[in-house]
Amino acid sequence: MVSLAQIISEISYEMQGEKDRGKTASYIPSLAQVDLHHWGMAIVDRDGKMYASGDSHKQFSIQSVSKVFGLSLALDLEGDDLWERVRQEPSGSPFNSIIQLESEHGIPRNPFINAGAIVVSDILVSKYGFQGAQGALLQLLNPLVSNIDGMFIDYELAQEEDETGFRNRALTNYMKNFDNIHNSVDETLGFYFRQCALSMNCQQLAEAGAFLMSAGINPRNGKRVLSTRHTQTTLALMMMCGHYDGSGAFAVRVGLPGKSGVGGGILAIVPGVASIAVWSPGLNEKGNSLLGTKSLERLVQKTGWSVFRY
Ligand code: GLN
């Protein structure tokens, strides 16, 4: 059988030859200026062994992939009460869509669109305060990651988001009108932007997601991060909503729960088998990494890792 190390280096080679690399996010300079030629992938298997290739050690802005970690913290705090403030349904709309908030009375469709993630941020700010929420996020991540060098919240990037975040501010104000935001718009949104501005590399991100592969247990120290049931819920939501209005196509092509970010990262989980992080900054028309998706599709073809396998 072909080894995982060989498979990942084959994919790296294939991706180097790709001409169409998508487009970087254009709304802030820190994301727009990233070189489209970057590509990295890292896989942590169930024994904790790391397989990595390309720019897997290079930092990037994980953006909406961070919504998985925010959700884990909030689910652990609130349990099923969380679902009174955010629903569990795919949206079929772009990540920053406002339209469904009107007919659904300020309750976002799921925790992975911006509106839903902002409610999750609000829950964390209520519990920990604005500064404390950032600390809680890093406290979740630090024990999951073996080498935290270069893993930090990029305040300058968060500031750029804040200065241009008119739409996110509109979403937050709109939800506050329905009493679904309990803190000041500035604090809740300020934390949301900082969470999105987490800088990590593929190796760190694959390790950080490994508890989702192992039923909620941190494989590095055997400690529980999230209950098995809440872990399953998170994976179900990643499958249905992790790529916004591209979630259906991702499920068909890749067949794994995954969460994308506008920085070009994707975290994908093979339950019981592997945690995978891939990064290529060029996006497709839905705002998901073009080559990241293609790389995962190739990986699943070569390994048979789809959750729909026979
Ligand atoms: N920070 C981005 C935003 O709020 C995150 C979006 C994304 O990664 N899809 O617009």
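The values are calculated or read from the model by the stated rules, or taken from the named source; none is laboratory data. For clarity, every value in this text was computed on a predicted model and none was experimentally measured. For neighbour counting, all protein chains shown are included, and Cβ atoms are generated from backbone atoms with ideal geometry for every residue, glycine included. SASA here: full protein model, heavy atoms, side chains in, ligands and nucleic acids out. Shrake-Rupley method; radii C 1.70, N 1.55, O 1.52, S 1.80 Å.
Listed by first and then second residue, the pairs linking a residue in segment 10-37 that is aliphatic (A, V, I, L, M) to a residue that is open to solvent by 40 Å² or more (accessible area, probe 1.4 Å) and away from the ligand (no atom under 16 Å from the Cβ), with Cβ atoms under 6 Å apart and 6 or more places separating them unless they lie on different chains, are 11/298.
Identify the residue in segment 109-132 that is part of a loop (DSSP other than H, G, I, E, B) and touching a Lys or Arg at 6+ places or on another chain (Cβ under 7 Å) and, among all such residues, is farthest from residue 84 (Cα to Cα). Break it down stepwise before answering.
From segment 109-132, those part of a loop (DSSP other than H, G, I, E, B) are 109-113; that's our starting set.
Right, trim to touching a Lys or Arg at 6+ places or on another chain (Cβ under 7 Å) and you get 109-112.
Working: 109: 11, 110: 11, 111: 12, 112: 15 Å.
Restricting to residues being part of a loop (DSSP other than H, G, I, E, B) and touching a Lys or Arg at 6+ places or on another chain (Cβ under 7 Å), the top hit is 112.
If only residues of segment 16-45 that are of a type in the set (Asp, Glu) and either exposed (fewer than 15 other Cβ atoms within 10 Å of the Cβ) or over 16 Å from residue 289 (Cβ atoms) (or both) are counted, the one that is farthest from the ligand (Cβ to nearest atom) is 45. Scanning segment 186-209 for residues that are more than 11 Å from the ligand (Cβ to nearest atom) and open to solvent by 20 Å² or more (accessible area, probe 1.4 Å) returns 186, 187, 203, 207.
Within segment 109-118, at least one residue is in contact (Cβ under 8 Å) with a residue 12 or more places away in the chain and open to solvent by 40 Å² or more (accessible area, probe 1.4 Å). The residue that is nearest to the ligand (Cβ to nearest atom), counting only those in segment 210-243 that are open to solvent by less than 10 Å² (accessible area, probe 1.4 Å), touching a Lys or Arg at 6+ places or on another chain (Cβ under 8 Å) and within 21 Å of residue 136 (Cα to Cα), is 210. Count, please, the residues in segment 67-93 that happen to be within 16 Å of the ligand (Cβ to nearest atom) and touching a Ser or Thr at 6+ places or on another chain (Cβ under 8 Å). Qualifying residue count, segment 67-93: 5. Quickly run through segment 244-265 and pick out the residues that are among the charged types (D, E, K, R) and either surrounded by 24 or more Cβ atoms within 10 Å (Cβ to Cβ) or near the ligand (Cβ under 9 Å from one of its atoms) (or both). Listed by number, the list holds a single entry, 259. Annotation note: of 189, 205, the sole residue that is under 18 Å from residue 140 (Cβ atoms), of a type in the set (A, V, I, L, M) and at pLDDT 95 or above is 205. State all residues of segment 163-178 that are assigned to a helix (DSSP H, G or I), within 13 Å of the ligand (Cβ to nearest atom) and either within 25 Å of residue 259 (Cβ to Cβ) or β-branched (Val, Ile, Thr) (or both); if no residue qualifies, say none. Matches in segment 163-178: 164, 166, 167, 168, 169, 170, 171, 172.
Yes/no per residue for (1) part of a loop (DSSP other than H, G, I, E, B); (2) within 16 Å of the ligand (Cβ to nearest atom); (3) surrounded by fewer than 13 Cβ atoms within 10 Å (Cβ to Cβ); (4) without any contact (Cβ under 8 Å) to a residue 40 or more places away in the chain:
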| site | (1), (2), (3), (4) |
| --- | --- |
| 95 | yes, yes, no, no |
| 100 | no, no, no, yes |
| 134 | no, yes, no, no |
| 137 | no, yes, no, no |
| 158 | no, yes, no, yes |
| 180 | yes, no, no, no |
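May I ask you to list the residues in segment 57-104 that are farther than 20 Å from residue 261 by Cα, of a type outside the set (A, V, I, L, M, F, W, C) and at pLDDT 95 or above? Answer for segment 57-104, where residues must be farther than 20 Å from residue 261 by Cα, of a type outside the set (A, V, I, L, M, F, W, C) and at pLDDT 95 or above: 76, 78, 79, 80, 81, 84, 85, 87. Name the pairs whose Cβ atoms lie under 6 Å apart, with the first residue in segment 288-310 and among the aromatic types (Phe, Trp, Tyr), the second open to solvent by less than 40 Å² (accessible area, probe 1.4 Å), and 6 or more positions between them or separate chains? So the pair list comes out as 305/270; 308/255. Residues of segment 54-71 that are open to solvent by 20 Å² or more (accessible area, probe 1.4 Å) and over 16 Å from the mean Cα position of the chain (by Cα): 54, 55, 57, 58.
On the stretch given as segment 278-305, residues that are open to solvent by 20 Å² or more (accessible area, probe 1.4 Å) and over 16 Å from residue 38 (Cα atoms) total 9.
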